[in-house]
Amino acid sequence: MPASQCFSTSVPTLGPTNSASPTNTESAITTDEYHKLSDQTMDELVTFLEDLGDAMEMEDFDVEYTQGVLTLSVGEAGTYVVNKQPPNQQIWISSPVSGPERFDFRKDHDAWVCRKTGGTLGRLLEQELRDILGMGNLSVPIK
């Protein structure tokens, strides 16, 4: 799978956005909104992953969060890096499965959306972690 793809074709998406950044008024957010939304998303993700790691007791499962950068090690499967990009008002992810991708917050979908595929950050992590961890019922609490 090319590193630029967020998902396989079996994952439902919201539809790609072809512009470099959201341009319609339904999607644009202020700098303050970006910080609030991205901080909330990162905090929820960290809490979820730490709780998941505690419940699983997987030896090579490690979560670190420092200065807006989340690092998730999932053993032999590799390492995820999820970070805030305030200049672009985005959240970026580097996945050991699907490679790097950028997500903009879309007010009209109330979610962090991949501009290339229209898939959400939450769905990407959910699908990949389900496969890596063998947990078909895993539900990631972010959009």
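The values are calculated or read from the model by the stated rules, or taken from the named source; none is laboratory data. Predicted model, so just to flag it, every value in this text is computed and none were measured. Quick reminder, even Gly has a Cβ in these numbers, built from the backbone with ideal geometry, and neighbours come from all protein chains shown. What goes into the accessible areas is simple: the full protein's heavy atoms, side chains included, and nothing from ligands, DNA or RNA. Shrake-Rupley method; radii C 1.70, N 1.55, O 1.52, S 1.80 Å.
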When S38 is run through (1) small (G, A, S); (2) at pLDDT 95 or above; (3) not in a helix (DSSP H, G or I), the failure sits at (3)
Filter the stretch 49-65 for residues that are closer than 15 Å to I132 by Cβ and not in a strand (DSSP E or B); the one that is most open to solvent (accessible area, probe 1.4 Å) is E59
Residues in the stretch 131-143 that are farther than 28 Å from K107 by Cβ and either open to solvent by 70 Å² or more (accessible area, probe 1.4 Å) or of a type in the set (V, I, T) (or both) total 3
From the option list R102, R115, single residue qualifying as over 16 Å from L49 (Cα atoms), in contact with a strand residue (DSSP E or B) (Cβ under 7 Å, 6 or more places away or on another chain) and open to solvent by less than 50 Å² (accessible area, probe 1.4 Å) is R115
